[in-house]
Amino acid sequence: MDFSLGNSYMMGTVSVDTAKQAAQAEELKKKLNSGNSSEDEMMEACKSFEKYLVEQILQEMKKTIPKDEEEENDYMEYFGDMLYQQYAESITESGQLGIAQQLYEAMKYNSL
């Protein structure tokens, strides 16, 4: 069975996601460095950072789980990534970690 089309599709999706994340990070950086960012924008930037951090942690944790041959396929990998993105968003929105809040307070204190 040839997965070359699926693999190239997956690689294209991953690079698009990476480019999208880089563009979002650059946009947030510009907003924060402009000095005109409102408190809501600053909090959104902090939440975005926390979500990205949690997502990266979950992705690294995923690598430690032994893979079953039946579970390994491109579709499961793609949709698994989407699942971890949702987990990261849920964790961030719950506020239980508090990283975004602490970062926001530090940024607010430093901007005084």
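The values are calculated or read from the model by the stated rules, or taken from the named source; none is laboratory data. This one's a predicted model, so the numbers in the text were calculated from it and none came from an experiment. Don't worry about glycine lacking a Cβ; one is built from the backbone with ideal geometry, like all the others, and counts go over all protein chains shown. In case anyone asks, the SASA skips ligands and DNA or RNA and just uses the protein heavy atoms, side chains included. Shrake-Rupley method; radii C 1.70, N 1.55, O 1.52, S 1.80 Å.
What FRET efficiency, computed as 1/(1 + (r/R0)^6) with R0 = 30 Å and r the Cβ-Cβ distance, is obtained for Q59 and K108, rounded to the nearest 0.05? Could you put the intermediate results ahead of the total?
Working: r = 30 Å, r/R0 = 1.00.
Computed FRET efficiency for Q59 and K108: 0.50.
Once you put a point 7 Å from the Cα of E72 and another 7 Å from the Cα of Q86, both along the Cβ direction, what distance in nm separates them?
2.6 nm
On average, how much accessible surface per residue is there in region 59-109, in Å², for a 1.4 Å probe, leaving out ligands, DNA and RNA?
82 Å²
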